[in-house]
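*Asks:* Could you have a look at this structure, given as structure tokens, before my questions?
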Amino acid sequence: MAEGGDRIVENHGSEAQATAAGDVARTSDRAPALGRRRALGAGAALAGAGWAMGLYGGHSQGTAWAAAPADRSATPGAGSASRSGPVYDVRAFGAAGNGTQDDSAAIQSAIAAANAAGGGVVFLPVGTYTIGTTIHVLQNVDLLGENRASTVLQTLYSGINAIELRGVSFSRLANLQVRTGVILPASAGAAVYLDHAFTTSIDAIYIDGKGNGYDGIVVHESTATFIRGFNIYNLLHDGVRVEGPQGNDAYLSDGIMNLGQTTGGAAVHLLNFPNGAFNLTDADILTGRYGLLVDGANYLRFENTYFDSSAQGALLRRGHLITFSNCWFSNRPGPGLTIGGARGVTVLGGQATNCGGHGVRVTDGALGVSLVGVQVVGNNTAGTGADGIRIEGGAAYVAVSHCIVGNDPAIFPTPGQEVGIHVTADAGGDCVLTGNLLFGNLRAAVLDERPQSSYTAGNLSRVPTSPTPAAAVHGPNLTAGISPAIAMNSPDSQAVTLTQEGHGTSAYYRAQFTAQAASLPGVSAEGDWIAFLLPQLTRGDTYLFEARVWGNGICYLDVWDGTIDHASLTATLGAQPQVLSLTVRLPRTGLSPGNSTPQIQVRTHNFPCDVRFTVSVHGPLAATSAAAQAAAQG
């Protein structure tokens with residue numbers, strides 16, 4: 001080990017093995033990651049900090065790291081403290097390391113010699129070692145380079161694994177750079193392939209597919225795999241794939257991965273791994289079709305990790321007992337995190353920010369999902385009508401609490417996310433939405449289309465302070481603005497509440513009618529309504545009155561012309577807005593004393609009713625015929 005080098009001590013069963021970590025834990029490599037973790041941590045704890053919590057973190061979007069950090073180890077002993085026994089320098093077995101000679105046989109001979117002696121270290125000094133066939137690491141052998149910046153193994157052609165560890169125990173790779181498919185694009189093959197390996201370590205490895213390599217590291221049916229200090233770049237398929245029903249216990253930490261493309265594979269792919277126990281900590285995972293793809297894997301933990309700039313974000317397709325702690329999701333054009341078909345998923349802190357689609361999407365029958373203290377801000381950058389948090393597709397038993405959900409145009413440009421927290425009509429129900437802070441969402445702060453099977457309470461919506469939202473009178477000869485809403489509770493009303501939601505020009509009203517008229521004796525079934533007074537309208541003129549409505553229940557548009565009511569057809573509300581309209585000529589005479597001011601009303605006779613709406617008035621409308629002009633004269 002280089003003098004003064006740092007060390008990591010790990011315990012494998014009864015054997016405590018100390019591994020040199022000059023390449024893994026040195027300050028120069030870890031300092032940027034620590035800084036990013038501190039930025040994430042600031043956004044994870046709510047603790048009553050209001051808005052001064054470091055919204056959005058500090059990660060640059062689409063950042064890629066291309067250069068291998070310099071390693072300070074420079075001797076065979078560096079990184080070899082876990083292995084006693086002789087050191088086998090591949091140059092003594094005929095390896096040239098000049099980038100042209102095929103050094104496969106020489107490296108394999110050195111490995112065979114170490115294995116025959118009961119174990120040892122095979123050392124590759126600085127150089128570029130071209131290999132035409134797979135290098136097989138054998139039992140109790142460590143394959144160590146001088147440093148990963150300048151000890152290079154390269155394959156020229158596609159279809160082979162560069163390094164394999166099959167059926168081995170207590171073997172290790174460290175301080176290496178592996179380049180795959182340098183000449184031709186690959187359709188198969190990995191830089192490192194583990195098969196039925198036990199207690200193996202891969203430390204301080206740099207993999208560069210040069211845009212031609214296929215997979216980075218594949219862990220197949222293996223147990224107790226440690227991958228620390230990784231840099232993986234420019235691959236056509238998966239960065240790290242852990243697979244196989246007999247495998248378990250895989251640990252990745254302190255690394256950067258950038259596949260350099262967004263059309264194929266996943267940066268981290270967990271496939272048919274039911275025994276699980278997979279951990280990923282302190283990493284930046286960039287690009288790929290998926291930043292993370294979980295397909296049949298259980299018992300997973302992700303901590304202090306960025307999933308950034310992949311096309312479809314992180315997808316949990318099948319799996320259970322999955323925890324994210326202080327992770328970042330920022331992907332385009334798709335969603336940040338999709339929990340689809342998984343069960344027992346917990347997301348603690350972290351952010352889903354600046355995604356093309358939904359920030360967090362819970363769908364495809366997912367069950368038992370908990371989102372706590374997550375910042376979901378500025379999503380829907382693709383302008384497809386996406387929400388901050390969307391619960392749909394049979395997803396049930398979902399709890400969302402103490403999250404910050406909204407839009408901030410000063411940081412993330414429009415259009416912004418449509419609904420802060422959206423429970424769609426096809427969700428499975430049994431959702432709890434409590435204690436969340438919502439601001440600036442375009443269409444709604446919380447839109448629950450299954451209120452009968454959800455519990456929503458204690459959510460604070462930061463509403464605009466501008467005049468009456470999304471309610472205006474249009475046309476000549478009219479003063480601006482509709483008067484503030486008045487809740488007109490009829491005698492058979494038990495309760496009507498009116499709130500303002502949304503932001504700016506996309507703000508709207510929400511009226512919740514909870515009366516049950518038929519259950520109250522001695523009263524009429526007149527219904528309840530929300531009315532807007534229109535004293536600025538000119539009597540004798542004709543106007544078009546409109547209400548845009550959506551939500552849950554049944555409602556209709558009513559216009560009081562000062563004498564009588566004019567009612568539209570009823571509308572059964574749903575997620576998609578409907579426009580109700582009436583064209584009414586206001587009478588010149590015969591006005592009702594004490595109640596002569598024209599009104600536009602959103603009204604219901606069916607309880608309960610939860611209606612979101614905007615209202616508008618257009619006019620006066622021009623007369624189109626002599627008969628119409630005569631009628632307008634009254």
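The values are calculated or read from the model by the stated rules, or taken from the named source; none is laboratory data. Quick caveat, the model's predicted, so the values are computed rather than measured. Counting neighbours? That spans all protein chains shown, and the Cβs are built from the backbone with ideal geometry, glycine included. Just the protein is used for accessible areas: all its heavy atoms, side chains included, with ligands, DNA and RNA removed. Shrake-Rupley method; radii C 1.70, N 1.55, O 1.52, S 1.80 Å.
*Asks:* Look at segment 298-310 and say how many of its residues are open to solvent by 10 Å² or more (accessible area, probe 1.4 Å) and assigned to a loop (DSSP other than H, G, I, E, B).
*Replies:* Final tally of qualifying residues: 1.
*Asks:* Considering only segment 339-351, state which residues are open to solvent by 10 Å² or more (accessible area, probe 1.4 Å) and without any contact (Cβ under 8 Å) to a residue 60 or more places away in the chain.
*Replies:* Within segment 339-351, Gly341, Arg343, Gly344, Thr346 qualify.
*Asks:* Does Asp295 count as over 30 Å from Glu418 (Cα atoms) and assigned to a strand (DSSP E or B)?
*Replies:* Working: over 30 Å from Glu418 (Cα atoms): no; assigned to a strand (DSSP E or B): yes.
So Asp295 does not fit the description; no.
*Asks:* Could I ask something else about it? Kindly state which strands (runs of 3 or more DSSP E) lie completely within segment 426-539 and contain at least 1 residues that are under 39 Å from the mean Cα position of the chain (by Cα) and at pLDDT 70 or above. Show your work before the answer.
*Replies:* Details: elements: 429-434, 437-439, 444-448, 454-457, 460-462, 471-474, 486-488, 496-501, 508-513, 528-533.
In segment 426-539, the matching strands (runs of 3 or more DSSP E) lie at 429-434, 437-439, 444-448, 454-457, 460-462, 496-501, 508-513, 528-533.
*Asks:* Kindly provide the set of residues from segment 366-387 that are part of a loop (DSSP other than H, G, I, E, B), at pLDDT 95 or above and either touching a Lys or Arg at 6+ places or on another chain (Cβ under 9 Å) or within 17 Å of Ser310 (Cα to Cα) (or both), ordered by number. Step through it out loud before you land on a result.
*Replies:* To start, the set of residues in segment 366-387 that are part of a loop (DSSP other than H, G, I, E, B) comprises 366, 373-374, 378-387.
Filter once more, so that each one left must be at pLDDT 95 or above: 366, 373-374.
Within segment 366-387, Ala366 is the sole residue that qualifies.
*Asks:* Can you tell me which condition His402 does not meet? The list is (1) under 30 Å from Gly344 (Cα atoms); (2) open to solvent by less than 60 Å² (accessible area, probe 1.4 Å); (3) modelled with pLDDT of 75 or more, and all the others hold.
*Replies:* Result: His402 fails condition (2) only.
*Asks:* If you don't mind, another one. How about segment 187-219: which of its residues are among the hydrophobic types (A, V, I, L, M, F, W, C), farther than 20 Å from Arg148 by Cβ and either surrounded by 22 or more Cβ atoms within 10 Å (Cβ to Cβ) or at pLDDT 95 or above (or both)?
*Replies:* Residues of segment 187-219 that are among the hydrophobic types (A, V, I, L, M, F, W, C), as a first pass: 188, 190-192, 194, 197-198, 202, 204-205, 207, 217-219.
Next, from what is left, pick out any that are farther than 20 Å from Arg148 by Cβ: 188, 197-198.
Selection gives Ala197, Phe198.
*Asks:* Contact list please: Cβ distance under 6 Å, first residue in segment 241-260 and closer than 14 Å to His196 by Cβ, second residue open to solvent by 10 Å² or more (accessible area, probe 1.4 Å) and small (Gly, Ala, Ser), pairs at least six apart or on different chains.
*Replies:* Between residues of segment 241-260 that are closer than 14 Å to His196 by Cβ and residues that are open to solvent by 10 Å² or more (accessible area, probe 1.4 Å) and small (Gly, Ala, Ser), the close pairs are Asn248/Ala277; Asp249/Ala224; Asp249/Ala277.
*Asks:* I'm told Ser370 meets every condition in (1) open to solvent by 10 Å² or more (accessible area, probe 1.4 Å); (2) farther than 24 Å from Asp430 by Cα; (3) in contact with a Leu (Cβ under 9 Å, 6 or more places away or on another chain) except one. Can you identify the failing condition by its number?
*Replies:* Unmet for Ser370, out of (1) open to solvent by 10 Å² or more (accessible area, probe 1.4 Å); (2) farther than 24 Å from Asp430 by Cα; (3) in contact with a Leu (Cβ under 9 Å, 6 or more places away or on another chain): (2).
*Asks:* Out of Gly145, Gly132, Gly159, which single residue is within 30 Å of Gly211 (Cβ to Cβ) and crowded, with 24+ Cβ neighbours inside 10 Å?
*Replies:* On the way: Gly132 fails: crowded, with 24+ Cβ neighbours inside 10 Å; Gly159 fails: crowded, with 24+ Cβ neighbours inside 10 Å.
Result of the check over Gly145, Gly132, Gly159: Gly145.
*Asks:* Further question: Report, by residue number, each residue of segment 347-364 that is part of a loop (DSSP other than H, G, I, E, B) and touching a strand residue (DSSP E or B) at 6+ places or on another chain (Cβ under 8 Å). Steps first, please.
*Replies:* Within segment 347-364, the first condition is being part of a loop (DSSP other than H, G, I, E, B), and the residues that meet it are 349-350, 354-359, 364.
Across segment 347-364, the qualifying residues are Gly349, Gly350, Asn354, Cys355, His358, Gly359, Asp364.
*Asks:* Right, something else. Just to be sure, is Pro587 assigned to a loop (DSSP other than H, G, I, E, B), open to solvent by 50 Å² or more (accessible area, probe 1.4 Å) and either at pLDDT below 85 or not hydroxyl-bearing (Ser, Thr, Tyr) (or both)?
*Replies:* Details: assigned to a loop (DSSP other than H, G, I, E, B): yes; open to solvent by 50 Å² or more (accessible area, probe 1.4 Å): no; either at pLDDT below 85 or not hydroxyl-bearing (Ser, Thr, Tyr) (or both): yes.
So Pro587 does not fit the description; no.
*Asks:* Open to solvent by 20 Å² or more (accessible area, probe 1.4 Å) and in contact with a Cys (Cβ under 8 Å, 6 or more places away or on another chain): does that describe Thr323? Outline the logic, then answer.
*Replies:* Values: open to solvent by 20 Å² or more (accessible area, probe 1.4 Å): yes; in contact with a Cys (Cβ under 8 Å, 6 or more places away or on another chain): no.
Taking the combined requirement at face value, the residue does not satisfy it.
*Asks:* Among the numbered conditions (1) without any contact (Cβ under 8 Å) to a residue 60 or more places away in the chain; (2) crowded, with 21+ Cβ neighbours inside 10 Å; (3) among the aliphatic types (A, V, I, L, M), tell me where Ala382 comes up short.
*Replies:* Every condition holds for Ala382 apart from (2).
*Asks:* For segment 537-574: of the residues being open to solvent by less than 30 Å² (accessible area, probe 1.4 Å) and of a type in the set (Gly, Ala, Ser), which is nearest to Arg510 (Cα to Cα)?
*Replies:* Gly551
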